[in-house]
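The values are calculated or read from the model by the stated rules, or taken from the named source; none is laboratory data. Predicted model, so just to flag it, every value in this text is computed and none were measured. Counting neighbours? That spans all protein chains shown, and the Cβs are built from the backbone with ideal geometry, glycine included. When the accessible area is computed, the model is the full protein with side chains, heavy atoms only, and any ligands, DNA or RNA have been set aside. Shrake-Rupley method; radii C 1.70, N 1.55, O 1.52, S 1.80 Å.
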Amino acid sequence: QVQLVESGGGVVQAEGSLRLSCVVSGGTFSRYTMGWFRQAPGKQREFVGAISWSGGNTPYANSVKGRFSISRDNAKNTVYLQMNSLKREDTAVYYCAAGLYVIVSTPGAVQYWGQGTQVTVSS
């Protein structure tokens, strides 16, 4: 059974930084495309960024482009989301996602979800 466990969320001031981590167990991590989504209260879950199995393709949502960076370490079965210059509108629960064969840029492409980690940006 594939499990995704996120960590690294918390409360940060605007313009600050956080790094989220997601450890994958129960599967062959290097086969998965990985991604991050987020969901704010009262809003739909939205795509943040993704990374191909090789790390060579990293699409981002326009709202985070230039501020967030996704990376992976296949030896550690871990994907990271480095978030810089955080804004209040980045406040949300952040979910790690895994899929096979296609980039997980939409919820429909996701096969496995993490439980989520809360990120709160204060002014």
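Take the Cβ atoms of Arg19 and Tyr101, set R0 to 30 Å, and the FRET efficiency comes out at 0.60.
If I take R0 = 22 Å and measure r between the Cβ atoms of Arg88 and Glu46 in this structure, what FRET efficiency does the formula 1/(1 + (r/R0)^6) give, to the nearest 0.05? Once rounded, the FRET efficiency stands at 0.90.
Quick one: in the chain, what % of C-alpha pairs are over 25 Å apart? Of the Cα pairs, 15 percent sit more than 25 Å apart. What does the convex hull of the alpha-carbon atoms of region 1-64 project to on average, in nm²? Reported value for the Cα convex hull: 5.7 nm². Mind jotting down the distance between the C-alpha centroids of region 74-123 and region 21-58, whole Å? Centre-to-centre (Cα) distance: 5 Å.
Rounded to the nearest 20 debye, the dipole magnitude of the chain is 80 debye, with +1 charges on Lys and Arg beta carbons, -1 on Asp and Glu beta carbons, and the Cα centre as origin.
For the listed peptides 44-50, 14-20, 78-84, 88-94, a ranking on the average number of other beta carbons within 10 Å per residue, highest first, reads 78-84, 44-50, 88-94, 14-20. Considering only protein heavy atoms and a 1.4 Å probe, what is the carbon-and-sulfur percentage of the accessible area of the chain? Roughly 46 percent of what the probe reaches on the chain is carbon or sulfur. For region 31-123, the solvent-accessible area works out to 49 Å² per residue, with a probe of 1.4 Å and every protein chain left in place.
For Ser122 and Thr58, the FRET efficiency from 1/(1 + (r/R0)^6), where r spans their Cβ atoms and R0 equals 25 Å, is about 0.35. Dipole check for region 55-123: with +1 at the C-beta of Lys and Arg, -1 at the C-beta of Asp and Glu, and the Cα centre as origin, the magnitude is about 120 Debye.
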